[in-house]
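Only one structure is covered here, and it is reproduced in the block below.
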């Protein structure tokens, strides 16, 4: 529990604000005394606030981060209502949080092929339910096929043109050679 954390104790901060979660391990530099979160009266027998919280200054590498109002009776929480940040004084608790993130992402990865099939099936159902959509999609497919064929024809014409130019150059060289030969023979 956060109430038991003292100086130099490790504290784990899981940051899920970006696409890729990041774990920071810090060490407590300073802690405040326990105080009431909302200014409620203290419990008469224990003389501690009913909703006790504590503040920490935590060193992460060369940086010091302030964590405010961590509940003294918990070992894991999202400070100041930021659900994308999870703080814990317990390695196993933060590990369970990381396992949860991993399970969620693995379920998405495992369901990829199924979801691709579902998207394809939905597209087919839409074509059945909306014949106009089916005609438009068929038209688009036909246009794309024609574009591919035209591209292939252009490539073939380009190759034929190159061969024709090479043939004409060779023929021209043969004519020059033949004329030169005839000139040499007549002299």
Spans of helices (runs of 4 or more DSSP H) in region 72-187 with at least 1 residues touching a strand residue (DSSP E or B) at 6+ places or on another chain (Cβ under 8 Å) and assigned by TED's automatic domain parsing to the domain that holds residue 15: 91-110
Number of the exception - residue 81 against (1) under 28 Å from residue 27 (Cα atoms); (2) surrounded by 10 or more Cβ atoms within 10 Å (Cβ to Cβ); (3) at pLDDT below 95: (2)
Enumeration of residues in region 59-71 that are free of Cβ contacts under 8 Å to residues at least 40 places away in the same chain and part of a strand (DSSP E or B): 59, 63, 64, 66, 68, 69
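The values are calculated or read from the model by the stated rules, or taken from the named source; none is laboratory data. Computed from a predicted model, the values in this text were never measured in an experiment. A quick note on method: Cβ atoms are made from the backbone with ideal geometry, for glycine too, and the neighbour counts reach across all protein chains shown.
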